[in-house]
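Below is one structure, written out as structure tokens, with a few remarks after it.
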Amino acid sequence: MSRRTPRLFAAALAVAALTLGACAEKTPDTPAAGSSSAAAAFPVTVGKLTLEKRPEKIVSLSPTATEMLFAIGAGKQVTAVDDNSNYPAEAPKSDLSGFQPNAEAIAGKSPDLVVLSNDTNKIVDQLTTLKIPVLLTPAATTLDDSYQQITDLGALTGHPAEAADVTKKMKDDIAALTKDLPQRAKKLTYYHELGPELYSATSKTFIGSIYALAGLENIADPSDADGKNGGYPQLSQEVIVKANPDFVFLADTKCCKQTPETVKARSGWAGITAVKNNQIVALDDDVASRWGPRVVDLLRAIVDATAKVPA
């Protein structure tokens, strides 16, 4: 995502690459003799979608789905990704848009599976009319949603075992990170910044659930108690200063060039505990806005930062 507004963020929380080049012409991997043949596992049905054979020309219009596909070993089947899919580096980036998907442009890639995170302009119906199989993987609200999407992609791409391995490793890593968290008489508080306009995310969001795993209390929760902002309220400077968070986590370092230094320079922020104690944490925007396997990295960054505060 390039901007942090509640509309785009809510939609795209759902959202050094190589050009497609010869990737589309590579012969797909075939299972080794004696192994469980991927072809033998088909047809496969996930929800209302049934694939008769393993897809070999996948188009991913979701940065999170792109990360998932490569994590489960289906990267060689991906022939094009949207213009925001920047991880891993070898993902075949194109000028296709996940924000404003164009059915004709997508069809021009001759895909046998399209993965989307948003049904903008009823793109699913448009592609279905063109006989192009589509899987919709909306923004996760829980870790279980993330695990299920990885599992579904594993089934549809012929990599169910690899998908199971990925979800198991995620669960094991998360359990290890949260197992020995210090018991605090009072929870540490935090402010998660989506943009310098002071948009944030509450505990009801996927991001908020990751912070909850680390035992933190979210200062944004009261600002969206009625849920009218969909979990992404815009806070005021006064609210943040009054809440006096122990930590400030910046998820706008790439999009908006925010740093601990820019936060410290904000008028009126000098008295905030996070500023006084140098507890401003610069996150990777992409890791902090996607719900794929790298959520473990997000949790690790949070746990590592807060572990430095004595219980």
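No value in this document is a laboratory result; all are computed from the given coordinates. For clarity, every value in this text was computed on a predicted model and none was experimentally measured. Please note: Cβ atoms are built from the backbone with ideal geometry, for glycine as well, and neighbour counts cover all protein chains shown.
Things worth noting here:
- The antiparallel fraction among DSSP beta bridges confined to the chain stands at about 15%.
- C-alpha center-to-center spacing [the stretch 119-171, the stretch 237-309] in angstrom: 30
- The Cβ shell under 10 Å around I280 holds other residues with a net charge of -1, Lys and Arg each +1, Asp and Glu each -1.
- Dipole moment magnitude, nearest 20 debye, the chain about Cα centre, only Lys, Arg, Asp, Glu C-beta charged: 460
- From its DSSP helices (H runs of at least four residues, each -39,500 (n - 2.57)), the chain gives a residue-normalised ellipticity at 222 nm of -9500 deg cm²/dmol.
- Counting DSSP beta bridges with both ends in the stretch 29-170, the antiparallel % (nearest 5): 25
- Greater than 22 Å apart at Cα, pairs in K57/K93; K122/K204; K186/K308; K187/K276; K93/K254: K122/K204
- Cβ crowding within 10 Å averaged over residues, with 74-81, 220-227 ranked highest first: 74-81, 220-227
- Percentage relative contact order, the stretch 44-174, counting C-alpha pairs under 8 Å, at least six apart: 26
- Sorted on the mean count of surrounding Cβ atoms within 10 Å across their residues, most packed first, peptides 189-196, 48-55, 297-304 read 189-196, 297-304, 48-55.
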